[in-house]
Each structure stands twice: as C-alpha cells, then as structure tokens.
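Okay, so here's the structure we're looking at.
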Amino acid sequence: MMRRRQFITLLGSAAAPWPLAARAQQQAMPVVGFLNNASAWEYAAMSAAFRQGLSENGYVEGRNVIVDYRWAEGHYDRLPAMAGELVRRQVAVIVTGGGLSAFAAKAASETVPIIFTIGGDPVQLGLVGSLNRPGGNMTGVSVLSVALVAKRLELLRELLPAATHVAALVNPANTTIIESTLRDLEPAGRAMGLQIEVVRASTSREIDAAFATFVRQRPDALFVDGDPFFNARRVQLVHLATLNKLPASYQSRDFPEYGGLMSYGSNLTDAYRQVGVYAGRILKGANPAELPVVQASKLELVINAQAARTLGLDIPPALLARADEVIE
C-alpha cells in the first residue's frame, strides 16, 4: 500500500510541472497588438489577410504568436486608451488600421514598433521621416486613397457626363484625411466644371441626415471619401444610395460587392496582407526604421452593372473596358 501511495505521489509531482511549462511557453509567445477604428465583423476579410501575411513568415495565431485585437467600433475617442493598454502589455508590435489609430499608437509609444495602414501621405502627416527610410518606430502601407481623389472624381464624371452637382461625404472626426481630400477634390471639381457640395457625417445618424439633405437638394452624384468609418458603414451607405437612386463613387471594392455602383482604389485586403508580412519580419528582428513604406500598387476599378441598371444608367463602353471587374 505504501509503495502504491508513493507511486501516486511521485506521478502527481511529475505531472504538476506540465501545466506550468505549457503556460510559460504560451507567455513566451510574442504578442501582436491589432488596433483598428472599426468593428471585427466589418474587417473580417482584412484581419484574415493580415493573418495570412503573418503565416508567410511562419507565424500562426495561437500556435506561435498571440494577436490582441482592440476594436474601437467607430468610437475614435477610445483609441488612445486602447493604444496605451497594448503598450502596457508590452506587445512586440502594434498594427494599426486608419490614420487615427496610427496617431494614437504613435502618441502611446516612441519605442514599440508600429505598422500602419493609412490613406494619406505618411511623410506629410508626420508619421515617418521618408518613405524609403522611415526612421523612428513606424512603417507600414499607404493605400493612396487621398492621392486618388481627383482620379475618382474624373471616373465619376466619365460615367455621368451631364453631371454638374456632386455631393462629397466626408468624416469630420478624421481631420487629417478631410484636409487632404478637400485640397484635391475642390480644385479638381472646378477644373471639370462641377459644383462640389461638402457634407459631413461621423455617426450613423448623421449619415441618415446627410441623405435626407440629398433628397431635398438632389445632387447628380455622390462622392464618398475614403475613410475607415465609411467603410464600416458600407451596408448603410449602399442601401441609402440605392433607395434614393443616387449614383455614388467609393474608394473600396467592398462597396460594389455590397451593391454599390463603382469604386476605384487600392485593394485593402492585399494591403493588410502586406502589413502581416511586415509584422512577421519585425517579430524576426527587422527594424521598422529600415523597412520602406509600401505604396499600394494594386489599384482596381470595380463596377456593379446591376446597380447601374437599377439606377437607369448606361455605362460607357470605354469605362467598362477599363474596369478590372464588372459585377453582374
């Protein structure tokens, strides 16, 4: 009996270290902070692409890396606190989606590596010293949404050659993006003989109010600014544009995939994959100061032909021929 009890005691003492070892191994995993302006479901495709990029460097979530997701869900005022929490957790790198989350992370730490996805010029915005050698602790991907403003307006005018009045929907909470957008949009509109009416919305209710204004004023078309908040509200925006028979141009292919008329811009999914690649490289020891900012080169024009028919529009053959994808 004594030997049996001794054996059981020894077995128990031998087994005890295993859970501790497993926990220690888990704690030893690097942690990546994922800070985003929007909601998890709205960015499901982008976060999956980010994980794909990580896996290209050998990092698989839950196996040898932990990802701590922080979603502001459109409440931009939460971003500074969330960024601070990630820094206090001593994450190995912070990945940000949108300009406001990038600025929140930058304010929270000058040492933790930060990888951004942003629509504007990161040099002009003061995030990095230069595109080729960022310096400091930040690098990332510029999806060029601001730089493409004039081109998007030109494509919208090509689709609607008789248009004279275009409403531009912008998010006043994202001041850096607004300033850059309007700096290009208004002169481009004047050059094309278009009257640009700027309408601001930073909440779902304000989007509803904006469309109530459009019903009264009847603009010929709508230009939706490239903003993470608007991307998160794409279902609402597409529904209201369709309901009010208002032709609209968007930045991301997510909109025509949900029934919107037309988009022109970078492929956001590919941008997030690149961010994942950079995160993996930093986990392997790369210095963000020496990783060049990637300027998204995969630009695509997507047209929803069914949406055009619903609006009673005939898409010019030359525009159809240039489209990267026509959704039927």
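Could the peptides 150-162, 229-241 be put in order, highest first, of the mean number of other beta-carbon atoms found within 10 Å of their residues?
So the peptides 150-162, 229-241, ranked by packing, come out 229-241, 150-162.
Report the Cα-based extents of segment 52-100 along its three principal axes, largest first, to the nearest Å.
35, 21, 15
Only helical DSSP H runs with n ≥ 4 go in: add -39500 (n - 2.57) per run for the chain, normalise by residue count and round the 222 nm mean residue ellipticity to 500 deg cm²/dmol.
-13500 deg cm²/dmol, from helical runs alone.
Rounded to whole Å, give me the distance from the Cα center of segment 117-167 to that of segment 248-285.
13 Å
What is the angle, in °, between the Cα long axis of helix 2-15 and the longest principal axis of the Cα atoms in the chain? Nearest 10 is fine, range 0 to 90.
30 degrees
Throughout, read-outs are computed from the coordinates displayed, never taken from laboratory work. Note that the structure is a prediction, hence the values are computed from the model and not measured. Every residue, glycine among them, receives a Cβ derived from its backbone with ideal geometry; neighbour counts consider all protein chains shown.
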